[in-house]
1. Give me the distance between the Cα centres of region 548-564 and region 392-411, rounded to whole Å.
2. Heavy-atom accessible area per residue, region 104-207, 1.4 Å probe: how many Å²?
3. How large is the accessible surface per residue of region 227-387, computed with a 1.4 Å probe and reported in Å² as a whole number?
4. 7 Å from Cα along Cα→Cβ at both D683 and Q508: what's the point-to-point distance in nm?
5. Label points 7 Å out from Cα along the Cβ direction at E735 and K592: separation in nm?
6. Over the Cα atoms of region 756-915, what is the Rg over Rh ratio if Rh follows Kirkwood?
7. Just from the alpha-carbon atoms, what are the Rg and Dmax of region 623-743 in angstroms?
8. Would you work out what percent of the accessible area of region 114-221, with all protein chains in place, is carbon or sulfur (probe 1.4 Å)?
Amino acid sequence: MAEIIGWSLAIVGQVGGFYLLYRFLKQTQRRGMWLGLFVLPVLAILWFGYEVFQPPQGRLVSALLAAGGSLISLGLLWFLIPPTKEAFTQYDQLRSENEEYQMILDQLSDIVVVKDAGLNYRKVNAAFAKTLGKAPELLIGRSDADFFPPKIAQTLEEDENRSIASKHPVTRQVELMTVRGKRWFELTFTPLIDKLGVTLGVLVNGHDLTELIETTQVLEEELRHKDILVKSVKKFFNCDRETELWDVLLDLMEEIGSTPYVALMVVSEDGESLVVEAARKAEIFHIGTAIRSTSGLFGKVARTGQVQIGEDAASWKEIVSGEEGEAIQWVVGVPITLDNRVRAITALFYRDSEKGIVERRKELLVEVAESAGWALKEINARREIEQRFAQTQKDLEQTVLRQRIDHFLTALAIRLLNAAPHQIDTLLEKAMGSFAEYVGAEKSYVYLFQREGGGLQAQYRWSGADKLLPPYEIPEPFDPALSWLMEKINRQEIVALSRSGEMPEPFQVYFDAQNINFLIAVPMVLRRTVIGYLGLEGNDGANEMVGGQIGVVKAMSDLVVNALDRKWSADELEERMRRVSEKISQLELHNKRNKLLAEMGDLLQSCRTADEAYPIVARYAQILMPESVGALYLMRTLQDVAEKVALWGSEPSGENELMLNECWGIRRGKVHLVRNSEGPFCDHLGTPLPEQYICVPLIAQGETIGLLHIRNPRMKEQGNAELEELSKIGVSIAEHVAPALSNLNLRDKLRSQAIRDPLTGLFNRRYMEETLDREIRRAARHQYSVGLIMCDIDQMKPINDRYGHDAGDAVLRQIGTLMKKIFRGEDVACRYGGDEFMVILPEASLSDVWQRAENLREAVKKTHYEHEGKSIGPVTVSIGVAAYPDLGSTVERLIQVSDAAAYLAKHEGGDRVMIAHHTDDNTK
């Protein structure tokens, strides 16, 4: 009985479980799980079959176990199926929403990408997949780096990270490569943040801006062309000749028509033909060719006066040639009318079949042609037709010649740029001959200054068939003509001489000896240093060569300089690379030394005078060479004498003065180093002679300005390497010191030239006015007087008329010298203008000023004047004196009253001193 109950309960549990599973599968629509539903009866049958063959004593236990297992399974199913059903329902709903969401995304024309926190693609729409040309399922799990260049991918990743960090959308416009080519997109990166504030990924939305950008560019281009038209119309009416009008018109047509192949054909006087007058890309056009105006495309334009577009090659085959001409596919003819008659036709040639650009700009081309017609009408009113035609022909020839030369220079520049350094010499050697033939010269050469030994050496040279080559080397000293030329070249001046113009006397002899009519020499400057010059000589076309081709010769010179610079730089780079390993160990020491040199250079640049610079040089020389003694010599006079201006160390370092020819370093123009008493010794050393020393000349702008003399008491214990290193330090110091001292001396010299009168050596009027104003303000502060003397030479005009202006200048110089001797160092003697002088006497009373003026008058009167052996005179002066504050408190007042007093003195017979008055009765 118990066994029957157990099996009954087991069957009830099986049936209940089967029913629950059946209801669950039917409600959740899980087709794949129906097979599991039939597994339960099968298992139950197998279990019963198994139990039939069990012994009777074990069947009760099996029945109870089966009943317990079935009921437990039924209970578990009773409690588990509802939540499982709810989970499946939510899953189905989520999947349905996901499919709807994907369908919506796929309907969008903008690209949409959802990325996870690792910035990998989690969901993409069809637009994005189509943009990349990939299936959507192949993009899931990939990243930007798999489809875009590294730089673009890195930029996108930075923007995504920035949006995540800021938790705000980030927008960027970027150009991406797609299956349709490069496209512009406006991408918006929006971080995906859940309710807890955790960033789950990034939503990328992209809108294709390519069409908008292209449309905007078209509008901007049209506006730009409109603006160009307005400006060009002004240029049209500013043209004085037809050629100028054609040039402006062709430039404008080339710009608006977007084609480099533009030609202008002028209707002949009889109206039967069209003549190619001008063109852009002239090398493919037959300039001057005439075609019939009664047939073809251009004939139709001439007859109708309307814009015509054609593709018949027979219409233009007579006026074009070459490969580029054969590639032309269609042409646009735009008429230019004058008095209701077609005067010219602008032809725009195209190599592609796109006509949209011309259709869009057709009206603009017509406006340009109409404006050109009105401008042409104005030109015809001002000039005769024959004069305009002749000028056009001449300008055209010049344009063709310049284009040929420019084409040659451009081709040469490209070949030099692409050539290996060792090929540059060969290319330039050939190019010098070709260039000379282009410009009509019979000789061309490039001379470079030799770094050692002086003189010139020919780098490249060429001459015509019946001409001798220029010499390979030209040693110093140069002849007078070449010396004059070198002075100009060193001042970076272009020299252009011809027989029809003025030239120095030595070049007359040179032109006769060489049988030439013109010479051009262009300095070759590399990094502000003249390294040589390029020269051209010839007979034909002298006036045009000298007058019109200087620019192309300068361009050729620049090409040669750049090529040589590249070649030398390559050689230098190769040499430097060889020495890199040797210099690595010295970098730290050199850096420290360079820093000190830079500090010294900075201080030297900040010095106001050379005297301030000398202690700085001595201090840094001692720091850079701590165990050395030495001295700095500097040129002080024009007698080749150098004076010791600075010294360092504790031992004697040579004489206080030296003649330049006493130093081997100065004579040779480079460092003179003596080792182990191996001469020659310099004559400025004094006694006893040192066994080792270094002389470094100071050279600035090609001139020797001084000497740096260095000794080291420990040189006996050191080897040649240390001596060479000390020599390098000295050279570095000299390289910094020489230009700085030269600039300071130059600054002093320029200041002196700015404030000195070149004839008398006295201060000029400008300096006098500044000084007088300064002395008056100083006198006002310190309560003292300032005297003023106005001196006017009597009868100066008769002296000039009788003896000549050179004699008058001699008198002025002699009086200027006399005034320098008479007056004090603090007095300021100036040349006021012409034959008038003025003296400012600080802290001088009116009586003192009068006495000093009397002394001046007497000295001038007693002085004997002569010029070229002829006595001049007698020379007397009329002097007016005034003083601050007695007779005036301003610069203008003092000058006025003193000048009036001098005028009164001259009016009363001259040779006297008059004191100015308070009133204006004695004014001129």
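1. 16
2. Values: 5870 Å² over 104 residues.
Accessible surface, normalised per residue, equals 56 Å².
3. Values: 7720 Å² over 161 residues.
Spelled out: the 1.4 Å probe surface of region 227-387, per residue, equals 48 Å².
4. Distance between the two pseudo-spin positions: 4.2 nm.
5. With each label point 7 Å from Cα toward Cβ, the separation is 2.0 nm.
6. Numbers: Rg = 15.2 Å, Rh = 15.6 Å.
Across region 756-915, the Cα-based Rg/Rh ratio is 0.97.
7. In order Rg, Dmax, the Cα atoms of region 623-743 give 13.2, 40 Å.
8. Numbers: 3480 of 6240 Å².
Roughly 56 percent of what the probe reaches on region 114-221 is carbon or sulfur.
The values are calculated or read from the model by the stated rules, or taken from the named source; none is laboratory data. From a predicted model like this one, the values you see are computed outputs, not experimental measurements. Don't worry about glycine lacking a Cβ; one is built from the backbone with ideal geometry, like all the others, and counts go over all protein chains shown. Only protein heavy atoms, including side chains, enter the accessible area calculation; ligands, DNA and RNA are left aside. Shrake-Rupley method; radii C 1.70, N 1.55, O 1.52, S 1.80 Å.
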